[in-house]
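The values are calculated or read from the model by the stated rules, or taken from the named source; none is laboratory data. Nothing here was measured: the structure is a model prediction, and the numbers come from that model. Every residue, glycine among them, receives a Cβ derived from its backbone with ideal geometry; neighbour counts consider all protein chains shown. Each accessible area value is taken on the protein alone, full model and side chains, heavy atoms only, with ligands, DNA and RNA left out. Shrake-Rupley method; radii C 1.70, N 1.55, O 1.52, S 1.80 Å.
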Amino acid sequence: MTKTAITAAPILPVLAERWSPRAYDATYEITQHELLSVLEAARWAPSGNNTQPWRFSVATRGTDLFNQIVTGLSGFNAAWSPHASAYVVVSVTTNHTDGTPVKSAKFDAGLTTSQLVIQAHELGLHAHIMGGIDHEVLTKVLDLPAGVEPVVVVTLGKMAPANTLEGPAYEREIAPRTRLSLDEIVLTGKP
Ligand SMILES: Cc1cc2nc3c(=O)[nH]c(=O)nc-3n(C[C@H](O)[C@H](O)[C@H](O)COP(=O)(O)O)c2cc1C
């Protein structure tokens, strides 16, 4: 299934075509090349002062860690996401070495996650960002050091037909992608 955006101006094809499915092929095994490629794309994201506060935890389906990460997802996410081939947990270091906060940490996490997701789509994979997570559980199962906090979990894998889902996940899978119009998001300020 494709959900290519109808855009008000031409944009990069990968940006128009990327979307976040919940139906994944439970037989597809992600390759090391694919994992390396998405992590490398994430590594080259910009960050405030080039601090690069992001840290990644990777688990492939069938491993103990993958199953433990499922326990750190909201009920909705835990129901649809385990067919994905891998989870990438994006965490951030919250403080500089001198103890002062990394002010841009979550912003930087968004940028690196965006690059990871776009690279995944360019490889013919799909990715889905999940903010519905239990931070305490993930910190524990990932054994994150003090000062490292999970921000989102990203699914990676190959898409499956929508009808492999049911209930709200199915409804969302077949719903069109929508966005506010440019008129609504571009502020014109005082004339
Ligand atoms: C920070 C963030 C948190 C999100 N959390 C969830 C989530 O917990 N569960 C979920 O199913 N989708 C989640 N999403 C996916 C969004 O719902 C999705 O990106 C949005 O509806 C736009 O759809 P599209 O990516 O297909 O264009 C999240 C996305 C972002 C960026």
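Just give me the residues in segment 100-109 being within 13 Å of the ligand (Cβ to nearest atom) and surrounded by fewer than 21 Cβ atoms within 10 Å (Cβ to Cβ), in sequence order.
Within segment 100-109, Lys106, Phe107 qualify.
What tally of residues in segment 124-136 results from selecting those that are surrounded by 18 or more Cβ atoms within 10 Å (Cβ to Cβ) and more than 12 Å from the ligand (Cβ to nearest atom)?
Matching residues across segment 124-136 total 1.
For segment 137-161: of the residues being more than 11 Å from the ligand (Cβ to nearest atom) and part of a strand (DSSP E or B), which is nearest to Asp98 (Cα to Cα)? Even if it seems obvious, please write down each step before you answer.
Kept after step one, since they are more than 11 Å from the ligand (Cβ to nearest atom), are these residues of segment 137-161: 137-150, 156-161.
Keeping just the survivors that are part of a strand (DSSP E or B) gives 148-150, 156-157, 159.
Values: Val148: 15, Glu149: 18, Pro150: 21, Leu156: 35, Gly157: 39, Met159: 44 Å.
This residue is Val148.
Going by what's in this entry, would Val88 be described as part of a helix (DSSP H, G or I), more than 13 Å from the ligand (Cβ to nearest atom), β-branched (Val, Ile, Thr) and within 15 Å of the chain's Cα centre (by Cα)?
no
Go through Thr97, Thr112, Thr139 for me and flag whichever is open to solvent by 80 Å² or more (accessible area, probe 1.4 Å) and among the polar types (S, T, N, Q).
Thr97
So which residues in segment 51-81 are in a helix (DSSP H, G or I), closer than 17 Å to Leu142 by Cβ and either more than 15 Å from the chain's Cα centre (by Cα) or touching a residue at least 12 places away in the same chain (Cβ under 8 Å) (or both)?
Restricting attention to segment 51-81, the residues satisfying the condition of being in a helix (DSSP H, G or I) are 64-70, 75-81.
From what is left, the residues that are closer than 17 Å to Leu142 by Cβ are 64-70, 77-78, 81.
Listed by number, the residues that qualify are Asp64, Leu65, Phe66, Asn67, Gln68, Ile69, Val70, Asn77, Ser81.
Are there any pairs, at least 6 apart or on different chains, whose C-beta atoms fall under 9 Å, with the first in segment 103-114 and of a type in the set (A, V, I, L, M, F, W, C) and the second open to solvent by 10 Å² or more (accessible area, probe 1.4 Å) and within 13 Å of the ligand (Cβ to nearest atom), and if so, which?
Going by the 9 Å Cβ cut-off, the qualifying pairs are Ala105/Val151; Ala109/Val151; Ala109/Val152.
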